[in-house]
Amino acid sequence: MKKMFVLAAAAGLVSLAACNSTPREQAADNIEANSEAVADNLEDAADNATTPAGEAMLENTADAVRATGQNQATDMRTNDADTNLSNGM
């Protein structure tokens, strides 16, 4: 049930984010929504973990997924892939 809620919320956020935004912004929003959904699923799995080490590993992985998604979305919004502005070329 939680997965359905997360997917529905992600779909709703993506559809709202699509209003009046560029394709690049939409892609960044999709990256964030997808990474949030994956991180939420990992946190749900951590809640069901049988060992404290397993729970900690899943929660750390969820944090890493969330941070990576945010970094990728920020990069999508701020760097122009066609001109390689991020690396000064």
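The values are calculated or read from the model by the stated rules, or taken from the named source; none is laboratory data. Only a predicted model underlies this, so the values are computations on that prediction, with no experimental measurement involved. Note: ideal-geometry Cβ built from the backbone for every residue, glycine included; neighbour counts use all protein chains shown. SASA here: full protein model, heavy atoms, side chains in, ligands and nucleic acids out. Shrake-Rupley method; radii C 1.70, N 1.55, O 1.52, S 1.80 Å.
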When you check ARG24 against the structure, is it within 16 Å of the chain's Cα centre (by Cα) and either at pLDDT 95 or above or aliphatic (A, V, I, L, M) (or both), yes or no? no
Pairs needed: first member in segment 44-57, among the acidic types (Asp, Glu); second member anywhere, open to solvent by 70 Å² or more (accessible area, probe 1.4 Å); C-beta distance under 6 Å; at least 6 residues apart or different chains. ASP44/LYS2
Hey, among THR74, THR50, which residue is polar (S, T, N, Q) and part of a loop (DSSP other than H, G, I, E, B)? THR50
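Please go through segment 39-77 and pick out each residue that is among the aliphatic types (A, V, I, L, M), surrounded by fewer than 14 Cβ atoms within 10 Å (Cβ to Cβ) and farther than 27 Å from GLN26 by Cα.
Residues of segment 39-77 among the aliphatic types (A, V, I, L, M): 39, 42, 45-46, 49, 53, 56-58, 62, 64-65, 67, 73, 76.
So of that shortlist, the ones also surrounded by fewer than 14 Cβ atoms within 10 Å (Cβ to Cβ) come out as 53, 56, 64, 67.
Residues satisfying the conditions are ALA53, ALA56.
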